[in-house]
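The values are calculated or read from the model by the stated rules, or taken from the named source; none is laboratory data. Because the structure is a prediction, the values reported are computed rather than measured. In this analysis, Cβ positions are derived from the backbone assuming ideal geometry, glycine residues included, and neighbour counts consider all displayed protein chains. Calculation scope for accessible area: heavy atoms of the full protein, side chains included, ligands and nucleic acids excluded. Shrake-Rupley method; radii C 1.70, N 1.55, O 1.52, S 1.80 Å.
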Amino acid sequence: MTDLRDLYQQVVLDHGRHPRNFGVCCSADHTKEGYNPLCGDRLTVTVVEKNGVIEDIMFEGTGCAISTASASLMTEAIKGKGVEDAHRLFEQFHTLVTTGDLVDAEKRLGKLVVLAGVSAFPARVKCATLAWHTLMGALNDEAGVVSTETD
Ligand code: ZN
């Protein structure tokens, strides 16, 4: 289990340092800003959606390694998926990072399981879910900035 944790840690550090899909979609259908006041993480998610499919997704912003890594991993997991799939993945990811339950998690969540360890640190759950809350706000075209403190 220690080796697995090390591997997870490496993936999180890698995505934190070298985030994928970092930037702004030039013809975004949805744009949303998210803020986690507990940690100071801020990010903006832009989405290109065609017929219920997320054709492109990017993010940019500044935050801790966990929030950046989670946003990066989210964009990789979500790109090309349907909007319904995105909602389901968010539910499953939220369960993972709040319970740390890895049973069957990799099958459902793929590489996102590397963030399971944040379940031991409740304050970090906000960092890990900020990008997802922001994505949901973007897809629902909610008004205003998404904050982790309005849950
Ligand atoms: Zn954070």
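Descriptive notes on the structure:
- Global form of the chain, assessed from the alpha-carbon gyration tensor, a/c cut-off 1.5: prolate
- A 1.4 Å probe run over the protein chains yields, for region 84-132, 49 Å² of accessible area per residue, whole-number rounding.
- Near K32: Cβ cut-off under 10 Å, other residues only, Lys/Arg at +1 and Asp/Glu at -1. The net charge is -3.
- Three-way shape label, region 1-83, alpha-carbon gyration tensor, a/c 1.5: oblate
- Heavy-atom accessible surface of region 99-146: percent carbon and sulfur, 1.4 Å: 55
- Each residue of region 19-24 was assigned a 3J(HN,Hα) from its phi angle through the Karplus expression (A = 6.51, B = -1.76, C = 1.60, θ = phi - 60°), giving x, 8, 6, 8, x, 10 Hz with x at Gly and Pro.
- Anchor K79: aspartates and glutamates whose Cα lies under 12 Å away (excluding residues fewer than 8 positions away in-chain): E49, E55, D56
- For region 1-52, accessible area per residue (1.4 Å probe, heavy atoms of protein chains only), Å²: 61
- Protein accessible area in region 1-98, 1.4 Å probe - carbon and sulfur %: 49
- Normalised by the number of residues in the chain, the mean separation of alpha-carbon contacts (under 8 Å, six or more apart) gives a relative contact order of 29 percent.
- Degrees between helix 2-17 axis and first principal axis of the chain (Cα, 0 to 90, nearest 10): 30
- Relative to the longest principal axis of the Cα atoms of the chain, helix 65-78 runs at roughly 60 degrees.
- In terms of the mean number of neighbouring beta-carbon atoms within 10 Å, the peptides 49-56, 107-114 order highest first as 107-114, 49-56.
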